[in-house]
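Trainee: Mind looking over this structure? Questions follow.
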Amino acid sequence: MSAAARRAWVAAGRAGVVVLVLLTWAAASRVTDLVPGLEPTLDTLVDGFRDGWLRAGLAATAQAVAVGFGWAVLLGFPLGYLLGRSRVFGELFDPLVAGLFAVPRIIFYPILLSWFGVGMVAESTMAALSALFPIAVMTTAAVRDVARGPLPKLAASLNLSEAQQLVKIYLPAIASPLMVALRIGFSVALIAAIIAEFFAARAGLGLLAARAYALLDLPRMFAVVLLIVTVGFAGNLALWIAERRLSPDHS
Amino acid sequence: MRAARPGAPRPIPARLVRWLLFAATVAVLEVCARAGMFDPLALPAPAQIFSALLRLARGEEFYTDLNRTLVTVVAAFGIGVVGGLPLGVVFWKLPLVGDVFEPYLVTMYALPTLVFYPVLLAVMGLGPAPIITIASVMALIPIALNTMVALRSIPPMLPKLGRSVGCGTAQLYRKVLLPAATPLAVPGLRLGFAYAVIGTVAMEFILAVSGLGFRAGYHYRFFDVPEMYAEVLVIGVLAVLFNALFGVLERRIRRDML
């Protein structure tokens, strides 16, 4: 099979998966009342945007995710870089960071709520806390990988300063794993914000889904879930494509 | 091993410094809390959290929650392994299928699986079934992906060598492919387990009738702040413990391979 034919098959297969999911959904809605059909769900989605309630929820969630993700990058990258470059910090805090990485961070949300009260601050802190550890852990791993290679010797022979090493050596060398870290960080921040909103919030898509579930307003619930999935999927896909472009073995 | 220079002070082991830092943090928190620097409804003294932990450990409810959470995690992880490993093999055997599903798996990895929880709640009812379903999908994805990557990275020379010495298909899988893929596939299992834990606790936290995640949220809603911290502590310690266990397994397996 030629490369072009293979690509066409893969593209067709990928489109086929989407069609299959939609068909399964349509079939399920005929079998049970608990799954609303495609049409009422899409109608609710459109109505939600026209009336504004869905737009407001989307804006609140987007704000929580953006602020949280921003803080996670601002804190997680330097932390991961420091752990990767400094042996003392690495030895002291590696087990702590690895341990916290394994803990389901959402469990800290009630603590954040009792500190900040219900609202945007608690949600974005939750998103930041969740995304910080994957970003830090993956940055550390990538930096150590580079440090084991020949590049640090080059840096030493050129007498590069710490700042020059960061900008000229490490950042380009870890660009590809860093993109993976950012993509996963984004996903984790989105999930954390949604779960947090499910539990307690003043606005957001998670809150809308939870309310719709409580009222058993199924078309509304499916519309919100569909929107969350679409937002997450689109964000993830965009970052994944950027990542593939950056990866060294991409021709 | 670092060789100490003669005369130089012996390096202090990192483990000791870590525990000292930890003890110092707890002590500072205790003193500050007793001095009334924190709102007791936001951050109770460590001693209070500890006595709440003892109170919880004497009750029966705690063990019901612990049992529910552990059973759910193990069930989800088990399904993830049983489904994920063969799926990884299929994606490797049929690269076209692997390429078709890869972007979906990579994006589902971290993403929308959890938001289907209310959907499944509506369909399956309140109980362990919807949690196990979603947590097992969350565990399955990294396991399938890592298995595929592990098998794809085996040098083609190895199976050829196996064939040339007369391996049958079963022997080829058991004696050649399995050991060659293990070092890369085990981190997938570790990640799958972590996702099973995260998913289970998060969904219990959103809406459930028992489980450690549910109980932490429950204590928050009833303002039992020390109890809430105690539950969080238990979940944290359990997660760290299981992670360390997988770490030991991973190191042992790698040593056996080399």
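Trainee: Read through the list (1) open to solvent by 70 Å² or more (accessible area, probe 1.4 Å); (2) in a helix (DSSP H, G or I); (3) within 11 Å of chain A (Cβ to nearest Cβ), then give the number of the only condition that B:Arg18 fails.
Mentor: So the condition that B:Arg18 fails would be (1).
Trainee: Then there's this: Give me the residue from the stretch A:113-122 that is free of Cβ contacts under 8 Å to residues at least 24 places away in the same chain and part of a helix (DSSP H, G or I) and, out of that set, farthest from the other protein chains (Cβ to nearest Cβ).
Mentor: By that ranking, first place goes to A:Val121.
Trainee: Another question about this same structure. Just checking, which of B:Ala129, B:Ala122 is more than 13 Å from chain A (Cβ to nearest Cβ) and either under 17 Å from B:Glu204 (Cα atoms) or surrounded by fewer than 24 Cβ atoms within 10 Å (Cβ to Cβ) (or both)?
Mentor: B:Ala129
Trainee: Could you run through the stretch A:223-238 and say how many residues are facing another protein chain (nearest Cβ under 7 Å) and either under 19 Å from A:Val46 (Cβ atoms) or surrounded by fewer than 20 Cβ atoms within 10 Å (Cβ to Cβ) (or both)?
Mentor: 5
Trainee: Does B:Val115 satisfy the condition of being β-branched (Val, Ile, Thr), closer than 17 Å to B:Ala202 by Cα and crowded, with 21+ Cβ neighbours inside 10 Å?
Mentor: yes
Trainee: Have a look at B:Thr133, B:Thr113, B:Thr107 and point out the one that is among the hydroxyl-bearing types (Ser, Thr, Tyr) and modelled with pLDDT of 85 or more.
Mentor: None of the others qualify; the one that does is B:Thr133.
Trainee: All but one of (1) open to solvent by less than 60 Å² (accessible area, probe 1.4 Å); (2) more than 10 Å from every other protein chain (Cβ to nearest Cβ); (3) not basic (Lys, Arg) hold for A:Val31; state the number of the condition that does not hold.
Mentor: Looking at each condition in turn, A:Val31 falls short on (1).
Trainee: Give the residues of the stretch A:212-224 that are in contact with a Pro (Cβ under 7 Å, 6 or more places away or on another chain) and aliphatic (A, V, I, L, M), sorted by residue number.
Mentor: Within the stretch A:212-224, A:Leu218, A:Met221 meet the criteria.
Trainee: Could you list, in sequence order, the residues of the stretch B:92-102 that are open to solvent by 10 Å² or more (accessible area, probe 1.4 Å) and within 12 Å of chain A (Cβ to nearest Cβ)?
Mentor: Once the filter is applied, which keeps residues that are open to solvent by 10 Å² or more (accessible area, probe 1.4 Å) and within 12 Å of chain A (Cβ to nearest Cβ), the stretch B:92-102 yields B:Leu94, B:Pro95, B:Leu96, B:Val97, B:Asp99, B:Val100, B:Phe101, B:Glu102.
Trainee: Cβ contacts < 7 Å: first residue within 17 Å of B:Thr107 (Cβ to Cβ), restricted to the stretch A:240-251; second residue of a type in the set (S, T, N, Q) and at pLDDT 75 or above, any location; separation 6+ or different chain. Result?
Mentor: A:Glu243/A:Ser176; A:Ser247/A:Ser176
Trainee: Okay, next question. Filter the stretch B:169-206 down to the residues that are in contact (Cβ under 8 Å) with a residue 12 or more places away in the chain and basic (Lys, Arg), then identify the one that is nearest to the other protein chains (Cβ to nearest Cβ).
Mentor: B:Arg190
Trainee: Within the bounds of the stretch A:210-233, is there any residue that is at pLDDT below 80 and of a type in the set (Phe, Trp, Tyr)?
Mentor: Within the stretch A:210-233, none of the residues are at pLDDT below 80 and of a type in the set (Phe, Trp, Tyr).
Trainee: Restricting attention to the stretch A:95-109, which residues are facing chain B (nearest Cβ under 7 Å), in contact (Cβ under 8 Å) with a residue 12 or more places away in the chain and open to solvent by less than 20 Å² (accessible area, probe 1.4 Å)?
Mentor: Within the stretch A:95-109, A:Ile106 is the sole residue that qualifies.
Trainee: Suppose we filter A:Val188, A:Val118 for residues that are within 23 Å of B:Val232 (Cβ to Cβ) and surrounded by fewer than 16 Cβ atoms within 10 Å (Cβ to Cβ); which single one remains?
Mentor: A:Val118
Trainee: Taking A:Thr125 as the residue in question, decide whether it is open to solvent by less than 50 Å² (accessible area, probe 1.4 Å), within 30 Å of B:Gly217 (Cα to Cα) and of a type in the set (Val, Ile, Thr).
Mentor: yes
Trainee: Wholly within the stretch A:123-217, which helices (runs of 4 or more DSSP H) include no fewer than the required count, namely at least 3 residues that are in contact with a helix residue (DSSP H, G or I) (Cβ under 9 Å, 6 or more places away or on another chain) and away from chain B (no Cβ under 12 Å)?
Mentor: A:151-157, A:171-199
Trainee: So for the stretch B:41-62 (the condition being of a type in the set (S, T, N, Q), under 18 Å from the mean Cα position of the chain (by Cα) and part of a helix (DSSP H, G or I)), does at least one residue qualify?
Mentor: No.
Trainee: Going by the structure shown, is B:Val225 modelled with pLDDT of 85 or more, at the interface with another protein chain (Cβ under 10 Å from one of its Cβ atoms) and out of contact with any helix residue (DSSP H, G or I) (no Cβ under 8 Å at 6 or more places or on another chain)?
Mentor: no
The values are calculated or read from the model by the stated rules, or taken from the named source; none is laboratory data. Quantities reported herein were computed from a predicted structural model and do not represent experimental measurements. FYI the Cβ positions are ideal-geometry reconstructions off the backbone, even for glycines, and counts take in every protein chain you see. Side chains included, ligands, DNA and RNA excluded: accessible areas come from the protein's heavy atoms. Shrake-Rupley method; radii C 1.70, N 1.55, O 1.52, S 1.80 Å.
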